[in-house]
């Protein structure tokens, strides 16, 4: 009986004490400045493959970002073992890697983006038994107009008439 009375007294004491500092700050009139509100965006990215000007393939990726968050990454791929010397293995990361960061710069929205797409070339293109890696990289900083699709960049494949384009749309999440 004595333990339960003591426990109730301690709990009531903690509740009463925890309420006191709040009332002091409310009565003192000292108002804290409101924290800056982050704005959330959905970032839709498309990597389009064109052959002689005609779209033949498209890959879609999406991520949610805020204009005050750090860099967000999306990585999809495969780790491929390569044997540069007998019995020694190294691994190549192949696939798609996207890194993005958005922030407000005065009154405009800025996007830093890096997209890497890599794959193995056909087996007949390998040299001395080692795989040949194809890679496309687009990287840069640009101003973004929310809710408007825009081409961030494009690169030509030097071995064909193919072109790769990176499109992005930033949509404000309400």
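Every number here is computed from the coordinates shown, using simple stated rules; none is lab data. Just so you know, these numbers come straight off a predicted model, no measurement behind them. Every residue, glycine among them, receives a Cβ derived from its backbone with ideal geometry; neighbour counts consider all protein chains shown.
When you restrict to C-alpha pairs under 8 Å that are six or more residues apart and normalise by the size of segment 40-172, the relative contact order lands at 26 percent. Spacing of the modelled spin labels on residue 37 and residue 124, each 7 Å from Cα toward Cβ, amounts to 6.2 nm. The gain in end-to-end length when the residue 99 to residue 148 segment is fully stretched comes to 15.6 nm, 0.36 nm per residue minus the alpha carbon separation. Protection proxy ranking of 144-155, 51-62, 81-92, 109-120, by the mean of other Cβ atoms within 10 Å over each peptide's residues and highest first, is 109-120, 144-155, 51-62, 81-92.
The slack between residue 90 and residue 64, meaning 0.36 nm per residue of separation minus the straight C-alpha distance, is 6.0 nm.
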